[in-house]
């Protein structure tokens with residue numbers, strides 16, 4: 001009887017180790033889900049745009065879209081999530097355009113038409129290269145730039161905000177760290193011991209000293225609402241938290257007017273704070 005029990009426990013243990021090895025080796029495939037084909041463009045929405053090729057610091061050709069808005073005071077640098085490519089962000093681009101905001105959305109390495117293979121350091125380099133394109137090629141001053149990251153992009157945008165001085169940062173539907181997300185999906189695994197990625201968004205927000213808008217849905221089925229609240233609690237002032245409706249991928253659409261009003265109000269607060277910021281600098 002004992003031998004049979006030990007045999008059963010041994011089989012379970014071997015199966016557990018086997019699954020752990022699979023998870024360890026498959027982390028990149030679980031995290032990064034790029035789509036290469038870019039079938040739709042802002043043309044589909046009647047938006048004028050510039051198809052941009054720019055270089056990362058390590059020499060990769062990256063692709064992005066520059067979509068300008070009439071009489072815009074601010075430009076949004078949009079860091080998207082872990083799946084698809086820039087064509088899957090057309091609804092967001094259109095929304096930002098209707099709010100009167102310029103938008104530069106780009107694909108990380110390995111996504112869409114961008115060269116290379118995704119990696120954590122690579123996503124950071126790509127965001128920095130996109131920011132450099134805005135400031136050097138478009139001559140847009142840092143205080144005219146709003147960094148915006150959704151989901152995984154929230155961590156990428158937050159990391160960038162620790163390196164540059166944007167006018168503001170928007171973190172939407174994002175998480176505290178890669179390990180925290182792994183522990184949510186695989187609570188029976190020692191995720192923190194063998195996590196191959198970090199994306200420590202919580203650590204980044206503690207270092208940021210520009211206005212931050214946090215947006216999260218209580219009904220988010222992928223990134224728990226509580227993680228959004230944790231990010232907000234750790235951030236420096238000035239900061240704001242807006243709760244929206246809907247799921248992880250469609251919350252900005254489901255929330256509708258609540259979401260649009262949150263952006264409008266926050267952008268106005270950035271514009272209103274400019275005079276005070278100039279007085280403090282002079």
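Taking the stated definitions as given, is residue 4 assigned to a helix (DSSP H, G or I), farther than 26 Å from residue 266 by Cβ and modelled with pLDDT of 85 or more? Taking the combined requirement at face value, the residue does not satisfy it.
Scanning the stretch 181-200 turns up no residue that is more than 26 Å from residue 131 (Cβ to Cβ), in a helix (DSSP H, G or I) and in contact with a strand residue (DSSP E or B) (Cβ under 6 Å, 6 or more places away or on another chain). So which residues in the stretch 187-202 are surrounded by fewer than 16 Cβ atoms within 10 Å (Cβ to Cβ) and either at pLDDT 90 or above or within 22 Å of the chain's Cα centre (by Cα) (or both)? 192, 196, 198 - these are the residues of the stretch 187-202 that are surrounded by fewer than 16 Cβ atoms within 10 Å (Cβ to Cβ) and either at pLDDT 90 or above or within 22 Å of the chain's Cα centre (by Cα) (or both). With the structure loaded, tell me whether residue 113 is surrounded by fewer than 20 Cβ atoms within 10 Å (Cβ to Cβ) and without any contact (Cβ under 8 Å) to a residue 40 or more places away in the chain or whether it fails that test. So residue 113 does not fit the description; no.
Yes or no, residue by residue, for (1) part of a helix (DSSP H, G or I); (2) touching a residue at least 60 places away in the same chain (Cβ under 8 Å):
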site: 202; (1), (2): yes, no
site: 210; (1), (2): no, no
site: 214; (1), (2): no, no
site: 222; (1), (2): no, yes
site: 240; (1), (2): no, no
site: 252; (1), (2): yes, yes
site: 266; (1), (2): yes, yes
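The set of residues in the stretch 138-166 being buried (at least 18 other Cβ atoms within 10 Å of the Cβ), in a loop (DSSP other than H, G, I, E, B) and in contact with a helix residue (DSSP H, G or I) (Cβ under 9 Å, 6 or more places away or on another chain) consists of 140, 166.
Exactly one residue out of 274, 257, 240 is at pLDDT 95 or above and surrounded by fewer than 14 Cβ atoms within 10 Å (Cβ to Cβ): that is 257.
Scan 106, 74 and give me the residue that is crowded, with 20+ Cβ neighbours inside 10 Å, more than 28 Å from residue 196 (Cβ to Cβ) and at pLDDT 90 or above.
74
The values are calculated or read from the model by the stated rules, or taken from the named source; none is laboratory data. Predicted, not measured: the structure shown is a model, and the values here were computed from it. Quick reminder, even Gly has a Cβ in these numbers, built from the backbone with ideal geometry, and neighbours come from all protein chains shown.
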